[in-house]
Structure formats: C-alpha cells, structure tokens
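I have placed the structure first, in the form of structure tokens, so that the comments after it can refer back to it.
Just so it is clear, none of the values below were taken in a lab; they were calculated from the coordinates. Quick caveat: nothing in here was measured; it's all calculated off a predicted structure. Quick reminder, even Gly has a Cβ in these numbers, built from the backbone with ideal geometry, and neighbours come from all protein chains shown.
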Amino acid sequence: MKYAEWLDTVFVEIKNDPIWKLEVYRLALFAGDIGWQDVLTLSKNKLMYSIADQLHRSLDSISANLTEGYSRSKGLDRARFIEYALGSARESRDWYYKSRHVLRSEVVTHRIGLITHIIGMLTP
C-alpha cells in the first residue's frame, strides 16, 4: 500500500489528535501498518518466527513511544520517549536487514529506506 492510499484508511479520531500533525508520527504509524504483512510473511517460515516477532514489536514501538512521549509535559520525559522511538526504529531496520533472505528485495529496500528516513527525523 502506498502512503497516500494509507492516509485515507486512518480513523478520523487519530487524525483529529494533535500528534497527527507530526510527520514522523504519521510515517511511524504507516511503517507499523505496512509491516504487518511482512510479519505475516516471515511467520510462515519456522526459522524466521523469532525475527517476525521482534520486527512486529519494534515497528509498533516506534509510534507507540512517540505517542507516549508526546503526552508528557516535561521536556526530559518527552526526550526519553523520543530516544526509545529512535532505538525501536533502528532495531526495526536491523530486523528488516536480517529478513532479506525471505522478504522480496524491493520490500526490504523500501522498508529500510522508510525507516532510515524516520531515524533521520528523530536524530537531533
């Protein structure tokens, strides 16, 4: 699914939340959604089950940590959750690299590029 198509599928309640204004949050949520199919594909291979689980957790953690950090009122609390999101993004990229033996190369290339862009947005 392309990003522009995906935007139309997001619930209005999420779009009405102030965090939706952050492009990095939107991209992180998108990465988690499109990664779902990748996780299902990896899960079909017994040797890749643990990678699928770790990829699923790390992808979902990016937007979840941004959401939690955005809800914190103190700058240091916010910064800590942004660091967690950054760590999860780097972890996701690592898991995608390790999944290159099973996922199609164009999928891995796209996902690594998207996550690298998110990492750039989160890096001071």
TODO: With θ set to phi - 60°, apply the Karplus curve 6.51 cos²θ - 1.76 cosθ + 1.60 along the stretch 106-123 and write out the HN-Hα couplings as whole Hz, x wherever there is a Gly or Pro.
DONE: 5, 5, 4, 4, 4, 5, 5, x, 4, 5, 5, 5, 4, 4, x, 6, 8, 8
Open item on the list: Between Trp36 and Ser71, what is 0.36 nm times their sequence separation minus the Cα-Cα distance? Round to one decimal in nm.
Closed with: 10.0 nm
Task: Using distinct alpha-carbon pairs, which all enter the 1/r mean, Kirkwood radius of the stretch 7-124 in Å - done: 14.5 Å
Task: Charge dipole of the chain about the Cα centre (unit charges at C-beta), most positive-ward option of Gly32, Leu22, Gly113 - done: Gly113
- [ ] Step through the residues of the stretch 36-42 one at a time and calculate ³J(HN,Hα) from phi using the Karplus curve (6.51 cos²θ - 1.76 cosθ + 1.60, θ = phi - 60°), rounding each to whole Hz and writing x for Gly and Pro.
- [x] 4, 5, 5, 5, 4, 4, 4
- [ ] Report, in debye and to the nearest 20, how large the dipole of the stretch 44-109 comes out about its Cα centre when Lys and Arg carry +1 and Asp and Glu carry -1 on their Cβ.
- [x] 120 debye
- [ ] Please tell me the relative contact order of the stretch 7-82 in percent, rounded to the nearest whole number, where contacts are Cα pairs under 8 Å and at least six residues apart.
- [x] 26 percent
- [ ] Straight distance only, please: which aspartates and glutamates reach the Cα of Lys21 with their own Cα at less than 14 Å, same-chain residues fewer than 8 apart left out?
- [x] Glu13
Open item on the list: Around Met1, under 13 Å between beta carbons, what's the net of Lys plus Arg minus Asp minus Glu among the other residues?
Closed with: -2
